[in-house]
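Remarks on the structure that follows.
The values are calculated or read from the model by the stated rules, or taken from the named source; none is laboratory data. This structure is a prediction, so every number in the text was calculated from the model and none was measured. Because the Cβ atoms are built from the backbone with ideal geometry, glycine has one as well, and the counts that use them run over all protein chains shown.
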Amino acid sequence: MPDQLLFAMEVTLNGLMAGVLYALVALGFVLIFKASGIFNYAQGVMALFAALTLVGIMEGQVPFAHLINAIFGTEIHHFGWHVPALLAIILTMVVMVALAWAVQRFIFRHLVNQEPILLFMATIGLAFVLEGVGDIMWGADIKKLDVGLPQGINEWIDITTFEAFGYGFFIDNLDISATIVAMILVAALIAFSQYTKQGRALRAVADDHQAALSVGISLNFIWILVWSIAGFVALVAGIMWGAKSGVQFSLSLIALKALPVLMLGGFTSIPGAIVGGLIIGVGEKLFEFLIGPMVGGATENWFAYVLALLFLVFRPQGLFGEKIIERV
Amino acid sequence: MNAMTGNYTTADGRQIGDTLMEMKNITLRFGGVVAIKDISFDIHEGEIRAIIGPNGAGKSSMLNVISGFYHPQEGEVWFRGAKRPTMKPYQVAQQGIARTFQNIALFNGMSVLDNVMTGRLTHMKTGMFAQALWKGKAEKEEVENREVVEKIIDFLEIQAIRKTPVGRLPYGLKKRVELARALAAEPKLLLLDEPMAGMNVEEKEDMSRFILDVNDEFGTTIALIEHDMGVVMDLSDRVVVMDYGRKIGDGTPDEVRNNQDVIDAYLGVSHD
């Protein structure tokens with residue numbers, strides 16, 4: 001096989017893996033948008049906050065340490081214990097559920113039946129607040145997140161492909177685990193929304209608030225549930241991105257990469273978020289590989305957005321979004 | 001013009017049971033506007049009770065008070081022999097009061113079958129993990145709920161559109177699906193907000209037939225709001241007449257028809 005084709009295959013595989021991570025973030029957006037019609041700008045920050053909290057708990061960091069020290073003149077930073085990864089993940093999830101409750105209780109409960117643009121603005125506010133709280137609670141330095149996921153080149157794939165093609169593919173173990181986790185997550189979400197009472201209630205709420213109330217669904221409960229699930233997805237995304245590139249505040253910017261994914265996949269489709277993520281992931285890697293050298297490289301920064309722009313012009317509902325039918 | 005109390009037998013020989021719901025001196029205000037002023041009436045088990053009145057009389061407000069969407073400033077709501085505390089609409093629904101809406105509130109993205117299934121939500125007890133994994137008790141429960149729903153779908157003659165997304169249906173059928181969803185809850189009290197608004201004569205006849213059949217077959221107590229006097233008089237056992245938020249008449253259709261206040265409200269009265 002020609003070298004060029006082998007390279008392209010390797011690039012495609014890596015693109016698929018990167019796409020899974022985009023899809024994970026996009027999923028969080030889709031879930032909240034489907035259930036409450038809110039475009040949650042804070043999803044990226046939620047992933048950051050989840051990752052910060054996870055690292056903080058694992059390392060036994062004292063929350064608000066800087067604040068406490070500044071006020072009381074103390075010098076405390078650590079509790080001096082280390083929490084095992086699994087327990088820390090569970091505790092972080094508890095924090096995310098509490099966050100979901102607070103978001104519903106203090107922000108969105110007061111904004112029922114408001115214009116979507118108002119709700120969107122509220123999530124922008126939430127993003128800034130959450131980023132600030134994350135900073136005060138856990139500090140702004142870059143942290144290493146290691147929950148015990150395998151990292152580095154996958155030897156087996158390297159050797160197998162070397163024997164088959166005479167060229168070893170470089171695939172990161174972390175990307176493989178991200179893919180597996182994402183698949184499990186999606187299967188669980190689909191089972192939840194299709195087969196459970198709460199899933200059916202969730203779809204009902206997304207469709208019509210009044211009607212949902214009239215069949216005995218508590219809007220408050222469903223919204224807290226949705227924000228908790230979004231928190232859970234944010235936690236998973238936070239773990240994967242954090243393990244890959246360290247927990248740092250630029251993590252919240254991955255939310256921006258989710259936007260083109262959503263425009264491709266449609267804002268209301270779970271499969272759309274996944275396929276959209278994969279297309280963007282593969283697309284930007286292949287484009288960089290094939291066209292990048294001709295235009296001086298660095299195409300990964302803009303490729304996704306140009307693709308999203310084309311979709312907005314020619315297919316605004318995305319690949320899988322519900323077609324907008326206007327009855328006249 | 002006092003409301004009848006206790007059990008009674010209707011003109012067509014049906015036996016009406018005890019008081020199911022009683023509204024006591026309800027007053028509802030929106031800021032300075034008094035939507036309902038000191039109204040009392042009761043609904044007996046098994047009867048078809050209508051609330052009529054001209055536009056803006058406060059009929060829909062009254063229905064919204066019963067279903068918990070509005071909370072009256074004064075007065076008490078009694079349901080099944082107990083005073084009802086202030087409740088949210090979903091709690092009222094869980095108590096066994098189902099409703100339809102004047103401007104149809106269906107889940108447009110879902111099929112007819114799924115819409116009607118949401119009516120069963122208050123009857124589902126198994127936990128979400130069991131349901132997600134589709135095992136044992138959850139499966140049995142799902143099958144039981146499906147049976148109830150299929151029976152209602154057959155009853156209302158909407159088998160042909162079971163799988164159709166509700167958004168695509170014409171108006172008259174949407175109204176029928178909404179009725180099906182409310183019925184799926186097997187309510188103790190069914191509230192219908194203008195079930196025949198905007199329908200043609202044929203659709204009105206169909207809907208009237210369904211309302212009578214529902215009452216007959218399932219023994220469901222029905223409270224309905226209607227504009228169309230003719231329809232109401234044919235359908236209902238007892239009628240409350242409202243005008244400008246006050247109750248001006250209460251009794252059987254014949255009594256109400258001959259009530260001077262009611263005639264004045266509907267036909268206007270000369271001031272000379």
Give the residue that is nearest to the other protein chains (Cβ to nearest Cβ), with candidates limited to residues of segment A:202-219 that are assigned to a helix (DSSP H, G or I), small (G, A, S) and under 13 Å from B:F69 (Cα atoms).
-> A:A211
Those residues of segment B:88-97 which are within 7 Å of chain A (Cβ to nearest Cβ), surrounded by 21 or more Cβ atoms within 10 Å (Cβ to Cβ) and of a type outside the set (S, T, Y), in sequence order | B:P89, B:A93
crowded, with 17+ Cβ neighbours inside 10 Å and more than 12 Å from the chain's Cα centre (by Cα): does that describe B:V166?
-> yes
In segment A:137-174, how many are touching an Asp or Glu at 6+ places or on another chain (Cβ under 9 Å) and either among the charged types (D, E, K, R) or within 16 Å of A:M58 (Cα to Cα) (or both)?
-> 1
May I ask you to list the residues in segment A:32-53 that are part of a loop (DSSP other than H, G, I, E, B), of a type in the set (G, A, S) and within 16 Å of A:Y22 (Cα to Cα)?
-> A:A42
Could you please find all residues in segment B:106-123 being buried (at least 22 other Cβ atoms within 10 Å of the Cβ) and within 8 Å of chain A (Cβ to nearest Cβ)?
-> B:L106, B:F107, B:M117, B:T118, B:G119, B:L121
Over segment B:88-103, the set of residues at pLDDT 90 or above and either touching a Cys at 6+ places or on another chain (Cβ under 8 Å) or assigned to a loop (DSSP other than H, G, I, E, B) (or both) is B:K88, B:Q95, B:G96, B:T100, B:F101
Any chance A:V236 is among the β-branched types (V, I, T), buried (at least 19 other Cβ atoms within 10 Å of the Cβ), more than 14 Å from chain B (Cβ to nearest Cβ) and part of a helix (DSSP H, G or I) = yes
Pick from segment B:63-87 the residues that are in a loop (DSSP other than H, G, I, E, B) and crowded, with 16+ Cβ neighbours inside 10 Å: which of them is farthest from the other protein chains (Cβ to nearest Cβ)?
-> B:P72
The condition of being touching a helix residue (DSSP H, G or I) at 6+ places or on another chain (Cβ under 8 Å), without any contact (Cβ under 8 Å) to a residue 24 or more places away in the chain and within 30 Å of B:R49 (Cα to Cα) holds, among B:Q91, B:Q159, only for B:Q159
When segment A:140-176 is checked residue by residue, the ones that are surrounded by fewer than 17 Cβ atoms within 10 Å (Cβ to Cβ), within 28 Å of A:V95 (Cα to Cα), in contact (Cβ under 8 Å) with a residue 12 or more places away in the chain and not β-branched (V, I, T) are A:A140, A:K144, A:D146, A:G148, A:P150, A:Q151
Quick one: which residue in A:G277, A:G246 is modelled with pLDDT under 90 and among the small types (G, A, S)?
-> A:G246
Enumerate the strands (runs of 3 or more DSSP E) found wholly within segment B:173-272, keeping only those where 1 or more residues are β-branched (V, I, T).
-> B:221-226, B:238-243, B:246-251
Please state which of the following conditions A:W241 fails to meet, knowing it meets all the rest: (1) away from chain B (no Cβ under 14 Å); (2) in contact with a strand residue (DSSP E or B) (Cβ under 8 Å, 6 or more places away or on another chain); (3) not basic (K, R).
-> (2)
What's the number of the condition A:L118 fails, among (1) in contact with an Asp or Glu (Cβ under 9 Å, 6 or more places away or on another chain); (2) under 15 Å from A:G37 (Cα atoms)?
-> (1)
Picking from B:D243, B:D213, B:D254, B:D228, which residue would you name as being among the acidic types (D, E), more than 19 Å from B:I97 (Cβ to Cβ) and buried (at least 19 other Cβ atoms within 10 Å of the Cβ)?
-> B:D243
Any chance segment B:129-152 includes a residue that's touching a Ser or Thr at 6+ places or on another chain (Cβ under 7 Å), over 20 Å from B:I104 (Cα atoms) and either more than 14 Å from chain A (Cβ to nearest Cβ) or polar (S, T, N, Q) (or both)?
-> yes
Flagged in segment A:102-146 as aromatic (F, W, Y) and out of contact with any Phe, Trp or Tyr (no Cβ under 8 Å at 6 or more places or on another chain), in numbering order, are A:F106, A:F128, A:W138
